[in-house]
Amino acid sequence: MINEALAANPMQEYRTSLRRKQIHQGVVTGVEVHEPHGKKMQCALVRLNNGLKGLIYEDQFDRHKFRSLVGFIDHTIDFMVLDVQKLGFDPEKVQVFDEEKGIVLLSRIQALDELQEEFWETAQEDHVVTGTVSGWEDERLYLLVKGVSCVLAIQDYEYDWTPTARNLVPLGTSLTVKIKKIDREKKQVRVSRKELLEDPWNRVRDNYGVNNYYSGVVTSVVENVGIFVKLQPGVEALCWFPPKSPPHGTLVGKSVSLRIKNIDQEKRRIRARIIKFPHLIY
């Protein structure tokens, strides 16, 4: 009976959704250009149930002005059926449901507003949440968690050294993180992915032993300090310069063999001696 009712009136599911203020998720499948109110703008296209087509006008997609919505194609977003009353319009005069064309007008902004209200009411420090990557700069990623933009500093992404957050992960990637700091007055949230990962130094004595030999990759060379060699993500050994070492510029990124001389787990330090360089750098 339900299927028969939907076949007779495919819009009914979304009319009900508007009344109940339900939030949905869907994938942006395309971007089209339309002219609502005589103004040309991009619209995100979302395929809805019952063969319907959802349109999110550019001004209902995000309060931030994007140069183009094309970058959101294939990304999952939150949306609601557009409530025109919240925009000050008469629902009798604005056609949200176009029965003839099978189009439903949607709003991502209104969905994010609802989710944000829920976040600020319930979120606490140390809570584990899931968000999607919405942007990046050199030193941080931005995650959208229930509509709230959260900052993930590059040093809180993982234990391994990461040079930049740019293009570290694709936009729209889902990440599970821990809330480190909430400032409700300033509407700022800091999160950490690293705190949910196992610290590699917890098992460093299980994995490495003094006077034993291992391979690693040179990550940097610092004058008057030594050569840093990565043994595994998040664990590096500091090696002094051998009597006969190749030019420093040829070392970074190369695999070397080393012998561990000392492990200080508390200070997170390993001292070692390089015993073999690859032949190709001589």
_S220 out of contact with any Gly (no Cβ under 8 Å at 6 or more places or on another chain), modelled with pLDDT under 95 and assigned to a strand (DSSP E or B)_ = yes
*So which of V204, V210 is assigned to a loop (DSSP other than H, G, I, E, B), of a type in the set (A, V, I, L, M, F, W, C) and farther than 14 Å from L143 by Cα?*
V210
*Can you tell me how many residues in the stretch 8-23 are of a type in the set (A, V, I, L, M, F, W, C), touching a residue at least 12 places away in the same chain (Cβ under 8 Å) and open to solvent by 40 Å² or more (accessible area, probe 1.4 Å)?*
2
*Identify all residues within the stretch 125-143 that are exposed (fewer than 13 other Cβ atoms within 10 Å of the Cβ) and either touching an Asp or Glu at 6+ places or on another chain (Cβ under 8 Å) or within 17 Å of K186 (Cβ to Cβ) (or both); write none if there are none.*
E125
*Do you know which of the residues in the stretch 190-216 that are open to solvent by 80 Å² or more (accessible area, probe 1.4 Å) and of a type outside the set (K, R) is farthest from F119 (Cα to Cα)?*
Y213
*Consider G26 against the criteria (1) in a helix (DSSP H, G or I); (2) free of Cβ contacts under 8 Å to residues at least 60 places away in the same chain; (3) touching a Gly at 6+ places or on another chain (Cβ under 9 Å): it satisfies all of them except one. Which criterion is unmet?*
(1)
*List, please: which pairs have Cβ atoms under 7 Å, are six or more places apart or on different chains, and start with a residue in the stretch 216-244 that is within 20 Å of T162 (Cα to Cα) and end with one that is among the charged types (D, E, K, R) and surrounded by 18 or more Cβ atoms within 10 Å (Cβ to Cβ)?*
T219/E236; F228/E236; V229/E236; K230/E236
*Out of K187, K181, K146, which single residue is of a type in the set (D, E, K, R), closer than 26 Å to F72 by Cβ and exposed (fewer than 15 other Cβ atoms within 10 Å of the Cβ)?*
K187
*Selected residue (only one of V94, V81 is surrounded by 13 or more Cβ atoms within 10 Å (Cβ to Cβ), of a type in the set (A, V, I, L, M) and at pLDDT below 95)*: V94
*Any residue in the stretch 57-76 that is under 22 Å from T16 (Cβ atoms) and assigned to a strand (DSSP E or B)?*
no
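The values are calculated or read from the model by the stated rules, or taken from the named source; none is laboratory data. Note that the structure is predicted; figures quoted are calculated from it, not measured. Don't worry about glycine lacking a Cβ; one is built from the backbone with ideal geometry, like all the others, and counts go over all protein chains shown. Accessible surface is based on the protein model in full, side chains and every heavy atom, while ligands, DNA and RNA are left aside. Shrake-Rupley method; radii C 1.70, N 1.55, O 1.52, S 1.80 Å.
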